[in-house]
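Notes to accompany the following structure.
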Amino acid sequence: MRVEEHEIRALLAAGESNKSIMRKLPVGKGRVRRLRREMGLPVHRAEPAAPTHCLHGHRLADHAGCTAEGWAFCRGCAGPYAAVDGEAFAARHAGHVVTWRSDGQRQCITCLRGDHDLDDVVVLRAVGGDRPERLTPAERERAALELRSRRVPAVRAAELLGCTARTVYRIYARQRIDFQVAA
């Protein structure tokens, strides 16, 4: 079936986009583009309407947020940026160190570092040179301080712990600051 040009021209004059014309009529995009140029019409760029609700039905006017990287998200939806129930969060992280992230959400430093799940056997293995594949930041810090108490140089401690010397020096500096504050 051959589509007449007047049909395409009528749709172009009505403001239809190239894609919508190609969906309605069996015609290629080259032909639609050529006719658009002949008619002197600009390239059709549909402005997408800004969404008013997220995929789960939350009003974005109430729940919209933006991450530090510039990604938009809904604070009402479940996921990494979910709005956290205050009482449940407080109960789950009672006694932990809690701070605020740049996007306005709370985060538990104790849980991020692994302080609540410190394994002394893993620390002793790491100090002895038989470390597991991965240490939590809290286990790494405990092992580095143990190696420091045994007067092991920072570079050697870094080799034993599988991290950089800079990391070990930062752990030492953090300990110095903690002692100065406590004194």
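Some points to look at:
- Contact map, region 144-164: residues that are crowded, with 18+ Cβ neighbours inside 10 Å paired with residues that are not in a helix (DSSP H, G or I), Cβ distance under 7 Å, separation 6+ or inter-chain. Pairs shown: A158/T164; L160/G129; L160/R131; L161/R131; L161/L135.
- Count - residues of region 1-28 that are closer than 15 Å to L41 by Cα and surrounded by 15 or more Cβ atoms within 10 Å (Cβ to Cβ): 8
- Cβ pairs under 9 Å, 6+ apart, first in region 46-64 and in a loop (DSSP other than H, G, I, E, B), second modelled with pLDDT of 75 or more and loosely packed, with under 10 Cβ neighbours inside 10 Å: T52/A61
- Residues that are under 30 Å from A72 (Cα atoms), of a type in the set (D, E, K, R) and at pLDDT 80 or above within region 17-58 comprise just one, K19.
- Exactly one residue out of R131, R148 is under 20 Å from R174 (Cβ atoms) and of a type in the set (K, R): that is R148.
The values are calculated or read from the model by the stated rules, or taken from the named source; none is laboratory data. Remember, it's a predicted structure, so these values are computed and weren't measured experimentally. Counting neighbours? That spans all protein chains shown, and the Cβs are built from the backbone with ideal geometry, glycine included.
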